[in-house]
Structures are given as structure tokens and as C-alpha cells.
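Take a look at the structure set out below.
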Amino acid sequence: MPTSLWNSRELRDATQGELSGDVQVHGVCIDTRILQPSDLFIALIGYNSDGHRYLRQALEAGASCVMAHDEAAIAEADLTDDPRLLKVTDTMQALEALGRYRRSQFQGKVIAITGSVGKTTTKNMLATALAPYGRVHASVASFNNHWGVPLTLARLPKEADFCISEVGMNHPGEIAPLAAQIRPDIGVISTIGNAHLGHMGSIDAIAEEKAALFAALPSSGIALCPEGSQGLARLTDALPADVPLWQVGTTEKAIIQLTQLACTAEGSHFHLATPQGETDVQLTAPGPHLARNAALALGAIAALGLSPQAGAEALHPFLPEAGRGQQRLLPGNVTLLDESYNASGPSICAAIETLALMPATRHIAALGDIRELGEFADAEHRALAKPLIKHDILTFCCGSHMKALYEALPPSLQGGYAETSVQLASLLRPALKKGDVLLVKGSLGSNMRALIALLEQPVPTTQHAPESA
Ligand SMILES: Nc1ncnc2c1ncn2[C@@H]1O[C@H](COP(=O)(O)OP(=O)(O)O)[C@@H](O)[C@H]1O
Ligand SMILES: [Mg+2]
């Protein structure tokens, strides 16, 4: 058995809770459906569920310890005198306490990544790129909020060399308390764009919020962001004295300098100059946005005082997560660029640029609404007409805001409009032909996955799309 993540003494010390038994915890989990044997299960109270209902289930699944605060639920699960019960005053606060305790024990370097888009991709790229330099611990998926951040820290093995935490926000004021828990050595802002404009009101407000991550850096820290980011003045204003801002970009002023960028459907190539040395970077995953994320990730490695070359080599085979630009063949020999995970203005623009790189008989986009844009929604959707026209992309749209975009397109690029993604599938499917490349993208709520699922069903032989000439 590897050394445990938490022992009883540490659990008591960190949470000030009561635990009578001697337990060895090898993981931390808040969801019994993915619980592993020897995990600590924490009964959190969520929006529509209470983890206290699953205490017994957690033990049956092999949890070595369960953390709870609700007396009635503890009694009901017959755990009052159980040596595996860690009883605390409040499970959410105790999770944060675990995170803070582990962070204060941690001797390695901590990197925090926030931004409007590209947090998870940059975090995953950095985790991949850092692997040759030591043991890396990173947030799972997009665990970046009030429970995701402390969970990431509570899961941090003491012996790791690096911890990478994604930090997210939907509303003003969310980043500062998360940054205070993470206490990053290096702060990275992936992008400043118009995600969540609806709640945030303006780009400056978004930049100011992201700047809270930089404000949390120690005087020995380094901040990184894309060169010429929107709201740059807000970012520099927030930097503590002595903390340098390393801009990542193409001009001479950039500390991390990306030059000779060449993007094709087979991937991207560029040269990177950093204060810790230069390196060529060859990425398999296509798209200029991924090249920019890679430059940020390698810039963070240089900010750690390491030469980025081994990181660049490790990044070569990197592929994005499901729904963020993976390619596969659909029935009828149509190539799908699956961007169905989520959407914002900048990420749709990035996906259009990637689509345009791919060799195709026709480039086609099926776009669902971007959510959370509030009063800016229609204008933001209409703005997508420009890149679609530039790259001559036949566009299918669904959702009420996408209607504004659809109507802004010239008739030659209007493929079809429907209210829902499922309705759109019945317009899109007969229109697809062998050799087409299809981008599917929309916010999670616009359910573009359902459209993909319908397109993935075998084509009935009688309905085979005619082959293009
Ligand atoms: N630097 C970038 N600029 C624009 N779009 C990006 C960038 N990085 C990733 N994306 C795209 O944005 C979407 C969300 O990416 P992800 O890394 O999950 O971001 P986040 O974690 O910030 O939500 C994906 O479609 C991805 O391809
Ligand atoms: Mg994310």
C-alpha cells in the first residue's frame, strides 16, 4: 500500500473534528458513485442533494472514513459510535480546512490557472508538460469552484512536486477566496474574454475579477497572461509589489515569445523563447488557440525556473478532452469536429479557425446558443457572422440567440435553422455529404450532444447522401 493521503491525526488536526478510530485514507471523494476503496467520503450539502443520505452507501463501497455533521443522519445511518466517523461542525468548512492544512504542509510549487476560456485545456497541458520534471497533482476535470478547489487541495499528496489548480468564476467575488486557499506561486490567466458577460457586465469587470488571482501571489511569485490581454491595466494594477507579469505573445515585449507559428490540420509548430531557454514546439492537436495555451503552459514551466524543452516534448502527443475539439468520423464519411462540451464567443471563434484548417469538400458548422450572456447575447451571437463569412462556412443554427446570427448570414451560408438541437439534426443530416467536415458547438444547455448522437446513428441505406463530385 502506498503511504496514506491522510491519517487520523492529520484529519483531526485539520478539521478539529471527532474521530475515534485509526483510519488510513488514500483518496477524498464527495460522490459515492465514483468512490474508491479507502477514500474519505465527505457528506456535502449541495443544491439538490445532501451527501448525508449516502453515508452507509459510502462505507459499503469501501470508504475508510466518512465525514459528516448532521446528527440525525449520522444516527439514522447507525454511525454514532462508528470508529470511521469523522464528525465535524460543518462539512463544507471542514473540506476547506483539509485543503488549507494540506496546502500549508506542501513543499512543492503551486500553479493556479483562471481565465474566461481555456482553463481546463491549459491546466491539462501544463500537467502533461510538467510530468518529466516531477510528480504532478492537478484538478480533476473542471473542479474549479467552491468545492472543486478545496477538494483538489485535500487530494494533494504531500510528496508531489507540483500542484495545478483550475480556478473558475461565474459571479464577482468568487476568485479571491479560492486564491486564498490555493496560495499559488505562479498565477496564469488563460484568456480574458466575454464568457459570463451576463453576470459580470463588462470586460473590465471580468479582468478585475481574474486579477484577484494575481493579487494572491507572494512577492516571489510570477504572473502570466496572453500579451495585450483585454483589461490588461486591471491585471497590472492588481499585481503585488515585486511580482513580474510575463506576457506570452509574439512581439519583442513578450517575456515568453512565440514565433514562427504554423498551423495546419495536422497540428501546430512554433518556436518559444523564454528566460529559461528556447525550444521548438510541435503539437499534434490542431488550432492556434491550443498553440497559445501550450505557450502559456510552457511559460509557466519557465516561471518555475525550469528549462521548457522537456515539457515541449511531452506536449507533442497532447489531445484535448472529449467535446473540446476531438475529431472522429460520422456515418457517411463526414468528419466531426466535436466541440459540444461548451461554448463562448472566443471558443467558437477558435473552433471556426480550427475547422477552417481542415481539408474538406465543405466546411459546415452546427451552432447552438451561448448561454449566460444576458443583454449582450444577440450582439455576441451576431458577431460570429464575421469569421463564418471569412471562412465560407455553411452554417446551421439552433436556439433563440443563434437566430440572430443565422439572420445575419448571407443566404449562401444559411444551411438551416431549428429551435432545438434535436430538430436541427433532421435538417442537418440529409444535407451532409461525404467529405464534409462538420463543427458542432454550443453551450452545455443547448444540448448539442443530442444532435451528435443522432448524427452517429447509422445512415439507412436508402437515405445515403449522394457522394460529392
Ligand atoms: N485559448 C483559447 N481561446 C479560445 N478558445 C479556447 C482556448 N482554449 C480552449 N478553448 C476552447 O474553449 C472551450 C472550453 O475549453 P476549456 O479548456 O474547457 O475552458 P474552461 O476550462 O475555461 O471552460 C473548448 O471548446 C476549447 O477548445
Ligand atoms: Mg474548465
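Read-outs: derived from the displayed coordinates by stated rules, not from any lab. None of these values were measured; they are calculated from a predicted model. Here the Cβ positions follow ideal geometry from the backbone for every residue, glycine too, while neighbour counts run over all protein chains shown.
Full extension of the chain between Thr89 and Gln107 gives 3.6 nm of extra length, using 0.36 nm per residue less the Cα-Cα distance. Residue by residue, region 272-282 carries 3J(HN,Hα) couplings of 10, 10, 9, x, 9, x, 10, 7, 8, 10, 10 Hz when phi is fed to the Karplus relation 6.51 cos²θ - 1.76 cosθ + 1.60 (θ = phi - 60°); x denotes Gly or Pro. Amide H contacts for Val23 (H built 1.01 Å from N in the peptide plane; partners 5 or more residues away or on another chain; cut-off under 5 Å): Ser8. Rounded to the nearest 20 debye, the dipole magnitude of region 106-315 is 400 debye, with +1 charges on Lys and Arg beta carbons, -1 on Asp and Glu beta carbons, and the Cα centre as origin. Lysines within cross-link reach of Lys403: Cα-Cα under 24 Å, excluding same-chain residues under 8 positions apart? Partners within reach: Lys386, Lys390, Lys441. Close amide-amide hydrogen proximity is noted between Glu227 and Val248, Gly249, each under 5 Å apart and 5 or more residues distant or on a separate chain (H modeled in the peptide plane; Pro and chain starts excluded).
Hydrophobic long helices, here whole DSSP H runs in the chain with Kyte-Doolittle means of at least 0.5 and Cα atoms spread over 20 Å or more along the helix axis, are found at 288-303.
Under 18 Å of direct C-alpha separation, and excluding same-chain neighbours fewer than eight residues apart, Lys109 reaches these lysines: Lys123, Lys158. Separation of region 114-148 from region 206-264 is 18 Å, based on Cα centroids. Apply the a/c threshold of 1.5 to the C-alpha gyration tensor of region 41-141 and tell me whether it is rounded, prolate or oblate. Prolate.
The GluC sites (Glu not before Pro) of region 225-276 that DSSP puts in a loop, and whose beta carbon has at most 14 other beta carbons within 10 Å, are Glu252, Glu266.
Remark on Leu330: its backbone amide H falls under 5 Å from those of Thr335, Leu336, a criterion applied only to residues 5 or more positions apart or on other chains, H modelled at 1.01 Å from N.
Taking N as the residue count of the chain, its C-alpha radius of gyration divided by 2.2 N^0.38 Å amounts to 1.05. If both residues of a DSSP beta bridge must be in the chain, then about 30% of such bridges are antiparallel. Of the GluC sites (Glu not before Pro) found in region 98-179, those in coil by DSSP whose Cβ has at most 14 other Cβ atoms within 10 Å are Glu159.
Each residue of region 258-263 was assigned a 3J(HN,Hα) from its phi angle through the Karplus curve 6.51 cos²θ - 1.76 cosθ + 1.60 (θ = phi - 60°); the sequence is 9, 10, 6, 6, 10, 10 Hz, with glycine and proline shown as x. What aspartates and glutamates could a cross-link reach from Lys253, if we take a straight Cα to Cα line under 15 Å and drop same-chain neighbours fewer than 8 places away? Once the sequence-local aspartates and glutamates are set aside, what remains near Lys253 is Glu227. Per residue of the chain, the DSSP helices (runs of n ≥ 4 H) give a summed -39500 (n - 2.57) that works out to -10000 deg cm²/dmol at 222 nm.
According to the Kirkwood expression over distinct Cα-Cα pairs, how big is the hydrodynamic radius of region 327-421, in Å? One decimal place: 13.5 Å for the Kirkwood radius.
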